[in-house]
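Remarks on the structure that follows.
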Amino acid sequence: MSSTSPAPAGRVVTDAEVVELLRDAVLASGSQRAFARAARLHESDLSQVLRGRRAPTAGQCRAVSVHRALVLTQAPAGEAASCS
């Protein structure tokens, strides 16, 4: 029987952290164009994100192993919130 390591735990990241991950990936790829091509992203959209003009897209997040999730912070009308 083979032993496998448990998957690393996820954590919540901000858009600013995603932008830093994208910048690191661009540096590792050698250029913005090279990263965009390898990750199948539009270079112009990536540029807008790196310059702080847009928030990272779901595709850009996936390119740096970030999964977007929606979090319900309040129970829908008529339902009681439960913290069990």
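The values are calculated or read from the model by the stated rules, or taken from the named source; none is laboratory data. Predicted, not measured: the structure shown is a model, and the values here were computed from it. In this analysis, Cβ positions are derived from the backbone assuming ideal geometry, glycine residues included, and neighbour counts consider all displayed protein chains.
For every residue, the table says whether it meets (1) more than 19 Å from the chain's Cα centre (by Cα); (2) of a type in the set (Val, Ile, Thr); (3) under 16 Å from Ala16 (Cβ atoms); (4) modelled with pLDDT of 95 or more.
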{"position": "Asp45", "(1), (2), (3), (4)": "no, no, no, yes"}
{"position": "Gln48", "(1), (2), (3), (4)": "no, no, yes, yes"}
{"position": "Arg53", "(1), (2), (3), (4)": "no, no, yes, yes"}
{"position": "Val66", "(1), (2), (3), (4)": "no, yes, yes, yes"}
{"position": "Thr73", "(1), (2), (3), (4)": "yes, yes, no, no"}
{"position": "Gly78", "(1), (2), (3), (4)": "yes, no, no, no"}
{"position": "Cys83", "(1), (2), (3), (4)": "yes, no, no, no"}
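List pairs: first residue in segment 1-21 and farther than 18 Å from Gln60 by Cβ and aromatic (Phe, Trp, Tyr), second residue modelled with pLDDT under 70 and not in a loop (DSSP other than H, G, I, E, B) anywhere in the structure, Cβ distance under 7 angstrom, at least six positions apart or on different chains.
none
Give all pairs with beta carbons closer than 8 Å in which a residue from segment 47-72 that is within 13 Å of Asp15 (Cβ to Cβ) meets a residue that is among the polar types (S, T, N, Q); count only pairs at least 6 apart in sequence or on separate chains.
Val49/Thr57; Val49/Gln60; Leu50/Gln32; Arg54/Gln48
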